[in-house]
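J.: Would you mind keeping the following structure in view while I ask a few things?
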Amino acid sequence: MFKIAKSTFTMPFLPGSVGFDHSDNECLTQYCVTERWTGDLSNGLFQLGERATRLHGLEQRNCGLLNLVRCYTSQDRSHVLELFEQAATVSSSFCFSTTIEAGGIPRQPVMCVGESMGLEQRYAGAIVGVFIFPRFQLDNPGTAVHQQ
């Protein structure tokens, strides 16, 4: 799944602006781990959280887009790069799902939801989002091996 849409929001969602109660949060954390990330379009650097850095097989929390997507399933990389390229040219909301394939360890499904903003000036703006990691990993396509 690779989706992008022109953003129709006048401003990003603010914490507490969307109804999400404690039981929803408990349900979400039972099935997945979430972590925010940011991208600075003026220098091309993404800043990931500790979990996302580790699950993407990266050494440092700051990375470029190519370093970020190199662990994604090979058939999905070009789609994800295209999606980020589109998001970097016009303020938009987007989502994608793929699988992280970091050498020798079970494959990790990942979903991402984000938005780009502040693109009125060339080479400026930001991309923000959240990674959603289900609490299971895959051994071979379609085979669950263990939960996190």
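J.: Rounded to the nearest 20 Debye, what is the dipole magnitude of the stretch 41-99 about its Cα centre when Lys and Arg each give +1 and Asp and Glu each give -1 at the C-beta?
T.: Dipole size: approximately 160 debye.
J.: Moving on to the next point. For residue 132, what accessible surface area do you get with a 1.4 Å probe? Give it in Å², rounded to 10.
T.: 40 Å²
J.: Below 11 angstrom from the Cβ of residue 65, what's the summed charge of the other residues (Lys, Arg +1; Asp, Glu -1)?
T.: Local charge sum for residue 65: +1.
J.: Mind giving me the FRET efficiency for residue 40 and residue 111? R0 is 22 Å, r the Cβ-Cβ distance, nearest 0.05 is fine.
T.: 0.45
The values are calculated or read from the model by the stated rules, or taken from the named source; none is laboratory data. Small disclaimer: the values here were computed from a predicted structure and weren't measured. Note that we place each Cβ from the backbone using ideal geometry, even for glycine, and neighbour counts take in every protein chain shown. Ligands, DNA and RNA are stripped out before the accessible areas are found, and what is left, the full protein with its side chains, is counted by its heavy atoms. Shrake-Rupley method; radii C 1.70, N 1.55, O 1.52, S 1.80 Å.
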